[in-house]
1. With respect to residue 429, determine if the residue is within 26 Å of residue 142 (Cα to Cα), within 16 Å of ligand 2 (Cβ to nearest atom) and in contact with a Pro (Cβ under 8 Å, 6 or more places away or on another chain).
2. Output the qualifying pairs, or none if there are none: Cβ atoms under 8 angstrom, residues six or more apart or on different chains, first residue in the stretch 151-165 and among the basic types (Lys, Arg), second residue surrounded by 10 or more Cβ atoms within 10 Å (Cβ to Cβ) and at pLDDT below 95.
3. Kindly indicate the residue of the stretch 268-302 that is in a helix (DSSP H, G or I) and without any contact (Cβ under 8 Å) to a residue 40 or more places away in the chain and also surrounded by the fewest Cβ atoms within 10 Å (Cβ to Cβ) among those meeting that condition.
4. Within the bounds of the stretch 281-288, is there any residue that is polar (S, T, N, Q), away from ligand 2 (no atom under 16 Å from the Cβ) and either closer than 22 Å to residue 427 by Cβ or touching a strand residue (DSSP E or B) at 6+ places or on another chain (Cβ under 8 Å) (or both)?
5. Do you know which residues across the stretch 389-428 are more than 7 Å from ligand 1 (Cβ to nearest atom) and of a type in the set (Ser, Thr, Tyr)?
6. Taking the stretch 91-133 as the region of interest, how many residues are more than 16 Å from ligand 2 (Cβ to nearest atom), under 19 Å from residue 159 (Cβ atoms) and surrounded by 24 or more Cβ atoms within 10 Å (Cβ to Cβ)?
7. Can you confirm whether the stretch 78-93 contains a residue that is modelled with pLDDT of 95 or more, within 16 Å of ligand 1 (Cβ to nearest atom) and polar (S, T, N, Q)?
8. With the condition kept exactly as written, say whether any residue in the stretch 334-347 is in a strand (DSSP E or B) and within 16 Å of ligand 2 (Cβ to nearest atom).
Amino acid sequence: MAEGPFAHAASAPSPGAVGRARAARGTRPGHDRLRAEGAALQRLEIPVVAYEARAQAFMAELGFSLGADGVWRDRAGRSYAEALAGRGRPTAFVRTWGCQMNEADSEALLGQLLQMGFGEAGSAEEADLVLLNTCAVRGTAAEHALGEVGRLKELKRERPHVRLAVCGCLTQMPETVAYLRERAPHVDLVFGTHNLHDLPRLLYRAYVEEAMTVDVWEAAPETVEHLPVRRAPGLKAWVNVIYGCDKHCTYCIVPRTRGRERSRRPGDVLAEVEALAAQGYQEVTLLGQNVNAYGKGLGGYDFADLLRDVARVPGIRWIRYTTSHPRDFTRRLVETIASEPKVCEHFHLPVQSGSDHVLRWMNRGYTRASYLRLIEWVRELVPHATITTDIIVGFPRETEADFRETLSLVEEVGFDNAFTFVYSPRAGTAAARWEDPVPAEVKHERLARLNELQYAISRRKNEALVGRTVEVLVEGPSRKDPHVLTARTRGNRLVLVPGGPEQAWRFARARIAAAETWTLRGELVDAPGAA
Ligand code: 5AD
Ligand code: SF4
């Protein structure tokens, strides 16, 4: 270990201390009980620990405690970030790829960094510490992130004091770690999705160890609550409800990168939502790889119960959730959504394929017919719902006939929008080992045909809204034009409305004047503050 910034600290944690902490994490206290509003006593299989207690124990060993300003400081008032970086007011930048789960993780990373005393940098170029939170879902996502790792080599050459960390889904894969060791020795720290709450300790190691620090856990031994979270400005907040996925779709890397399903305790979720409401947040999105699986091991309390309890929290006006698995979407859940006015009328139901053969090869656990039955329930119980989906084309052995089944399903359902992808083999998944006779050009041609169909449907669905007045949550200025604001309907459609920043972040009504494939254009009907 090199002479580090803490060589003078009263008691720098020994590797032994780290080892002991790791051993303690392995223990399973068995039954943990907690009473939640509206929920029965829960039986938990995975221990729950509080972030504050864990961080405090580690920081105390280094002589730091939480100051009145919410920053870890030593007796001399120096922040932990300053001690690590050896300079005044160091800044950090977190770049995120991937889904909302990764976005939420990055908010927890940034929250910890701010608590350490790092300032927020606007870009990697200005930062003293750069974190790349990566996605592994498709080859392109992985290539983007690794391309950025390569690009930052130059940055480190110009500013050698900069520390570079790579984390997220991609680093859960040993092949990524091997790649980084071999090809990117300028990376200082590699960690994964299961230990992001350990950032104070990880950064300590990254700053004192000369070689690349690699600390990736294979599984999550516990659920960590109360992480400090730096949320994006506005009225909307993410709330994790379930981590991981047990579904094992044959194309999907997620079980490898995010581990087994773990539901948070209802009481913890509700406490977080109540705290958010108290801070003025009015929209929450409940997050999980498969939110419908919520509650396994919670004694019968399920996602419908959770939605109902979250809807009881005063101050929360809109509730969203993502992502759903059609297999676990019960009629009871559709009924609950229909009966809770706060739950937005948006169903994202990834179908992946319209062919029963392909669905079976994908191990999706539903058929075209059972998927269509779910769509019927939605149409019957929530008539104006927006329905969106994800589709993969070019799955191994997908024939032209299979693909046409997908096209016909897309026509039959009339999705408001679809996220469409060419199948990308992911190392370690079942499908990646299968022969794939479908040539790449055919896959791309299928994607183009699917997109052409879906774009026409999306445009038609948007056009049907022209002339209507809809409820929206006005967000911030659009990226392209500062005199235009983006707004979202309950159905999660994007509406562009003229307006300045003083009109941002409020609920309002918008009259729809024009429709394009991806967006609606309209104008706000209410005066500011009227909503
Ligand atoms: N190849 C292509 N698309 C994929 N997705 C997940 N794994 C793959 C893969 N290996 C898509 C699915 C999923 C969405 C998040 O990404 O459509 O619903
Ligand atoms: Fe990407 Fe999946 Fe990880 Fe989300 S969970 S960041 S989509 S690999």
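The values are calculated or read from the model by the stated rules, or taken from the named source; none is laboratory data. Keep in mind that this is a model prediction, so the values were computed, not measured. Here the Cβ positions follow ideal geometry from the backbone for every residue, glycine too, while neighbour counts run over all protein chains shown.
1. Numbers: within 26 Å of residue 142 (Cα to Cα): yes; within 16 Å of ligand 2 (Cβ to nearest atom): yes; in contact with a Pro (Cβ under 8 Å, 6 or more places away or on another chain): no.
For residue 429, the condition - within 26 Å of residue 142 (Cα to Cα), within 16 Å of ligand 2 (Cβ to nearest atom) and in contact with a Pro (Cβ under 8 Å, 6 or more places away or on another chain) - is not met.
2. Pairs found: none.
3. Step one: list which residues in the stretch 268-302 are in a helix (DSSP H, G or I), which gives 268-278, 291-293.
This time we only want the ones that are without any contact (Cβ under 8 Å) to a residue 40 or more places away in the chain, so: 271-272, 274-275, 277-278.
Working: 271: 16, 272: 21, 274: 17, 275: 13, 277: 18, 278: 11.
Here the answer is 278.
4. Taking the stretch 281-288 first, the residues polar (S, T, N, Q) are 282, 285.
Going one step further and asking which of them are away from ligand 2 (no atom under 16 Å from the Cβ), we end up with 282.
Next, only the ones that are either closer than 22 Å to residue 427 by Cβ or touching a strand residue (DSSP E or B) at 6+ places or on another chain (Cβ under 8 Å) (or both) stay: 282.
Scanning the stretch 281-288, I find at least one residue that is polar (S, T, N, Q), away from ligand 2 (no atom under 16 Å from the Cβ) and either closer than 22 Å to residue 427 by Cβ or touching a strand residue (DSSP E or B) at 6+ places or on another chain (Cβ under 8 Å) (or both), so the answer is yes.
5. The first filter runs over the stretch 389-428 and keeps only residues more than 7 Å from ligand 1 (Cβ to nearest atom), leaving 389, 393-418, 420, 427-428.
Passing the criteria: 389, 399, 406, 408, 420.
6. 6
7. no
8. Step one: of the stretch 334-347, the residues in a strand (DSSP E or B) are 343, 346-347.
With within 16 Å of ligand 2 (Cβ to nearest atom) added as a condition, the list becomes none.
No, there is no match, as no residue in the stretch 334-347 is in a strand (DSSP E or B) and within 16 Å of ligand 2 (Cβ to nearest atom).
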